[in-house]
């Protein structure tokens with residue numbers, strides 16, 4: 001049911017309903033009491049005309065008695081009484097009709113009035129004659145008075161009976177009316193009570209229905225069911241305000257939950273990445289530890305050999321062994337996981353000297369590096385595997401040329417290692433570049449497959465690419481290109497930060 | 001479904017509310033409505049006319065009253081009948097006339113009885129004579145404006161003619177006289193009747209006058225005997241009392257309709273006997289017409305200052321359906 005007075009507050013509406021019901025019922029009760037009072041008055045006044053007629057009769061009788069006394073004794077008191085009672089009776093017969101009537105009672109009242117007026121006239125004549133000491137005439141008029149009075153009493157009796165009958169009918173009718181009025185009023189009171197109850201019930205239900213909806217929705221939300229409909233109530237009432245606030249609260253809770261889910265996903269992702277890195281690092285560390293025994297022994301042996309060569313005067317051998325020892329020293333030393341480009345370049349120098357000794361004139365190494373300091377950090381042992389890879393796969397048995405370039409740019413430093421070999425297998429290149437170290441299982445399987453292709457020093461391209469991407473969180477940090485003039489070119493984009 | 005229920009509830013609500021409002025107005029009309037609307041429908045009139053008479057003539061005067069009252073509206077007058085209800089409440093005519101004078105009516109219609117009592121006509125409060133129309137007996141010394149009387153000679157003639165017609169001019173008639181009524185009107189009636197019947201040579205007329213010599217019981221026995229012996233074909237009664245008495249006797253011996261009765265008079269009892277067929281024909285004075293005539297004469301006098309001095313009442317004949 002649509003409640004009128006839209007926009008009014010709940011308190012106002014409920015108060016209006018209750019007060020309206022009270023006013024309505026009170027008004028009805030007042031009407032009921034008023035009508036009952038009216039009927040009771042009418043019932044009580046049913047015989048009023050009889051009482052009035054009796055009073056008229058009494059006054060007329062007193063008047064006649066006074067006249068009788070005056071005629072007999074001629075006293076002042078009697079004449080005063082006569083006029084007094086005449087005046088009193090005149091006041092009482094005002095309701096008698098002035099003209100004849102077809103109604104029986106009214107006609108009788110008319111006749112009574114005519115007789116009373118005649119009685120007044122005769123009485124007046126008798127008094128005038130008595131005052132004039134004309135006793136005969138006074139007696140004559142008094143006798144007429146008596147005759148008239150006697151007839152008047154008879155007519156008054158008849159009128160009284162007529163009035164009594166009519167008033168009895170009226171009384172009976174009024175009693176019936178009072179009974180009907182009381183019964184009907186009580187029935188109507190009951191009906192109105194039911195109607196008012198229905199109206200108040202429907203109104204209050206309509207007013208509180210939104211509250212019920214709100215409570216059911218709140219219960220659903222309390223049970224973590226956030227898929228609830230929005231109220232979209234634009235009323236300016238308290239309900240409207242609550243609905244809008246509830247809508248906002250529901251939306252906020254949904255957004256907050258979405259954020260929490262997003263954040264949790266991100267944290268999980270980060271945690272997985274960190275674990276992956278740790279895993280890779282641990283694997284590298286393990287490999288390093290496994291290799292640590294031989295390098296230490298080899299390193300000490302090389303140092304001993306270098307001292308022997310220096311004692312024996314074999315300077316080249318001594319230098320060679322020192323370079324090999326430095327190379328292994330860098331390899332063994334674990335000063336954190338990261339190294340600068342310059343440190344990596346120094347290692348390359350050692351490695352290239354060793355490879356020069358091995359390959360002689362067949363190995364040409366060109367280093368295009370400026371004299372500037374390159375302090376950008378990158379994981380250790382990145383460049384050496386690349387150079388080694390170039391030598392290993394680019395050497396065709398005749399001559400191999402490896403070019404190392406470092407090109408500082410505004411936001412990054414490009415480090416490239418290229419060879420003049422037969423070039424890189426495209427499928428293998430695609431597999432390497434599509435390698436995603438953040439997908440744990442895939443990266444593991446891929447790295448195993450790719451590592452199987454790369455034999456030798458144990459640090460394959462897979463290891464290099466994975467470590468670079470995990471370290472810089474970028475995919476474009478490493479690329480494999482075709483070298484201009486043939487061969488393969490490894491390109492590293494090291495951020496300057 | 002829920003909406004339909006709601007609409008039904010609202011519809012019922014409004015219907016109940018409308019009915020309740022109707023009943024509230026009904027209650028208000030109950031509480032404030034007039035009890036008796038006879039006073040409201042009553043009409044005030046300009047004139048007041050009284051019809052007076054003694055209790056013996058009550059039936060006759062009631063008919064007069066009915067006739068006079070039928071013209072009351074036309075003359076804007078209220079007509080009242082003042083007749084003592086019974087013999088116990090007997091008042092003489094003079095006291096009734098005095099009463100009438102005390103009420104200052106515009107006119108009086110009075111039925112004068114057959115008596116030698118002196119009647120003093122009333123005056124109103126202003127000592128002016130009240131116009132009076134007299135009925136029944138005519139007293140020349142009374143200051144009436146008009147007299148409406150019965151032509152008993154004509155009535156006697158009419159009864160004789162009806163009797164002759166009933167007997168088809170042949171048979172025996174018994175004229176019954178039981179009641180104590182032997183005034184001049186009765187004599188006139190009887191004379192006219194016998195004179196007219198004497199012209200029919202084949203009709204034998206017997207006058208049975210039980211009034212002087214015998215009591216009522218013995219006269220009744222004689223009448224019964226006469227009826228059972230079928231010595232007469234028709235009984236003629238000249239007063240309403242005689243007619244009723246003879247009709248009762250005929251009913252007692254179960255001879256209703258087997259012997260003719262021609263009666264004279266008016267009233268409910270006679271009307272019943274006529275309807276039953278016990279009384280064959282009933283002649284009566286048209287008293288209602290007398291009442292209407294009296295009112296007309298009275299108001300002609302009030303308005304124009306003159307009226308007809310003497311008016312003869314019409315005689316009406318009613319026949320029983322069972323002849």
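The values are calculated or read from the model by the stated rules, or taken from the named source; none is laboratory data. In this text, all values refer to a predicted model and were calculated from it rather than measured experimentally. With ideal geometry, Cβ positions are generated from the backbone for all residues, glycine too; neighbour counts draw on all protein chains shown.
Considering the stretch B:9-54, and only residues there that are modelled with pLDDT of 85 or more and at the interface with chain A (Cβ under 8 Å from one of its Cβ atoms), the residue that is surrounded by the most Cβ atoms within 10 Å (Cβ to Cβ) turns out to be B:48. Checked against the criteria, residue B:141 does not count as surrounded by fewer than 20 Cβ atoms within 10 Å (Cβ to Cβ), over 22 Å from the mean Cα position of the chain (by Cα), assigned to a loop (DSSP other than H, G, I, E, B) and within 14 Å of chain A (Cβ to nearest Cβ). Within the stretch A:37-54, can you find the residues that are within 20 Å of residue A:97 (Cβ to Cβ), out of contact with any helix residue (DSSP H, G or I) (no Cβ under 6 Å at 6 or more places or on another chain) and more than 11 Å from chain B (Cβ to nearest Cβ)? Scanning the stretch A:37-54 gives A:48, A:51, A:52, A:54. Of the residues in the stretch B:99-120, at least one is modelled with pLDDT under 85, assigned to a loop (DSSP other than H, G, I, E, B) and within 14 Å of chain A (Cβ to nearest Cβ). Could you go through the stretch A:64-73 and let me know if any residue there is surrounded by fewer than 18 Cβ atoms within 10 Å (Cβ to Cβ) and within 12 Å of chain B (Cβ to nearest Cβ). For the stretch A:64-73, residues surrounded by fewer than 18 Cβ atoms within 10 Å (Cβ to Cβ) and within 12 Å of chain B (Cβ to nearest Cβ): absent.
The condition of being over 30 Å from residue A:34 (Cα atoms), more than 9 Å from chain B (Cβ to nearest Cβ) and assigned to a helix (DSSP H, G or I) holds for only one of A:232, A:209, that being A:209. The set of residues in the stretch A:469-497 that are over 12 Å from residue A:382 (Cβ atoms), more than 56 Å from the chain's Cα centre (by Cα) and outside any loop (DSSP other than H, G, I, E, B) comprises A:480, A:481, A:482, A:488, A:489, A:491. Apart from one condition, residue B:3 fits all of (1) exposed (fewer than 14 other Cβ atoms within 10 Å of the Cβ); (2) at pLDDT below 80; (3) at the interface with chain A (Cβ under 8 Å from one of its Cβ atoms); the exception is (3). Annotation: of all residues in the stretch A:166-183 being closer than 19 Å to residue B:29 by Cβ and buried (at least 19 other Cβ atoms within 10 Å of the Cβ), the one that is farthest from the other protein chains (Cβ to nearest Cβ) is A:178. Within the set A:357, A:352, the sole residue that is more than 60 Å from the chain's Cα centre (by Cα) and at pLDDT below 90 turns out to be A:357.
Table: residues versus (1) more than 30 Å from residue B:28 (Cα to Cα); (2) surrounded by 12 or more Cβ atoms within 10 Å (Cβ to Cβ); (3) not assigned by TED's automatic domain parsing to the domain that holds residue A:14.
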| position | (1), (2), (3) |
| --- | --- |
| A:188 | no, yes, no |
| A:192 | no, yes, no |
| A:195 | no, yes, no |
| A:202 | yes, yes, no |
| A:208 | yes, yes, no |
| A:212 | yes, no, no |
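Condition check for residue A:163 on (1) modelled with pLDDT under 90; (2) closer than 30 Å to residue B:96 by Cα; (3) surrounded by fewer than 21 Cβ atoms within 10 Å (Cβ to Cβ); (4) more than 11 Å from chain B (Cβ to nearest Cβ): one failure, at (3). The stretch A:328-442 holds strands (runs of 3 or more DSSP E) entirely within its bounds, and those carrying 1 or more residues that are under 29 Å from residue A:280 (Cα atoms) and touching a strand residue (DSSP E or B) at 6+ places or on another chain (Cβ under 6 Å) map to A:338-340, A:377-379, A:400-408, A:412-419.
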